[in-house]
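Contents: one structure, followed by commentary.
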Amino acid sequence: MKTKAVLLLLLAVSFNFTYAQVTQSTGQLASKATTCGDMDALFTLSGKSIHNLMYADVNANASNTSVTNLQSIKGSPYLAETFSKAKVFYDDKLLGTLYARYNAYSKEIEIKRTNLEEEEYKALTKDEKLKVVFANSQMQYASFIDGKGKRQNEYLISLSDGSNYSLYQRYMVNYVEGKKAENSMVNDIPSRFTNSVEYYLKDMNTSLVSNIPTKKSKLIALFKGSDEIQLANLIKKNSLNVKKEGDLIKLFELANSVSDGYVAKE
């Protein structure tokens with residue numbers, strides 16, 4: 001009995017020491033990159049981020065299941081198939097330039113130092129202070145509330161930045177398993193990736209990121225009380241369709257103008 005107690009105590013001490021080491025190394029990652037300019041700190045070792053490795057048992061779910069033989073699957077897990085040159089910022093401080101692409105199925109930004117085919121890609125560590133800026137877009141890891149009221153942590157694409165409100169797109173990819181034909185009269189249904197998008201509003205005063213509903217009245221209610229009436233009038237005046245991305249971007253430009261006092265009441 002005494003021997004078992006000693007063994008349990010040693011096991012507990014060993015676990016706590018190992019966990020402390022992993023946590024400390026994760027916390028030092030961004031610090032190393034920003035203070036030393038060490039881009040190696042941005043690269044993880046196994047194609048997954050350190051955060052994913054730490055919490056793999058907690059966050060494991062079907063959406064992160066490994067999919068092999070991509071050639072036989074219709075569609076793509078990527079926002080864009082090819083790697084593009086991108087700048088990486090930490091707290092708006094430029095760390096360096098690399099090549100990147102977004103894997104929306106695994107919810108990771110894959111990165112390489114060069115655009116050579118033979119170079120193996122790795123995953124960018126997930127940190128809300130990191131921002132990846134491409135030629136025509138930028139992405140940032142963020143915590144937000146989805147349309148079902150659940151808290152999520154994922155990369156979002158910036159569509160419109162303002163002093164009061166910002167607009168983001170969430171690009172999602174799901175994997176649908178194929179089916180063998182039941183008889184010779186029908187064809188097999190191939191496995192495929194399907195994509196969809198959602199839009200999110202960030203109130204810059206509270207930093208709260210919320211899902212944008214497709215119903216106009218519910219969307220208007222997300223803005224500050226003093227802006228609601230003006231925005232409702234501007235939507236009507238400009239014939240904006242809040243279900244269209246281009247019109248949503250225009251609405252957010254107007255919303256920031258209203259909040260900054262640049263649009264006069266009529």
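The values are calculated or read from the model by the stated rules, or taken from the named source; none is laboratory data. Predicted model, so just to flag it, every value in this text is computed and none were measured. For accessibility, only protein heavy atoms count, side chains too; no ligands or nucleic acids. Shrake-Rupley method; radii C 1.70, N 1.55, O 1.52, S 1.80 Å.
A few points about this structure:
- Accessible surface of region 119-266, 1.4 Å probe: 46 percent of it comes from carbon and sulfur atoms.
- Mean accessible surface per residue for region 151-208, computed with a 1.4 Å probe while every protein chain stays in place, in Å²: 59 Å²
- Other-chain or far-sequence residues with amide H under 5 Å of Glu108's (modelled H): Asn103
- Kirkwood's formula applied to the C-alpha pairs of region 118-229 gives a hydrodynamic radius of 16.9 angstrom.
- Taking amide H positions as modeled 1.01 Å from N, with prolines and chain starts lacking one, the residues under 5 Å from Ser160 and 5 or more places away or on another chain are Leu167.
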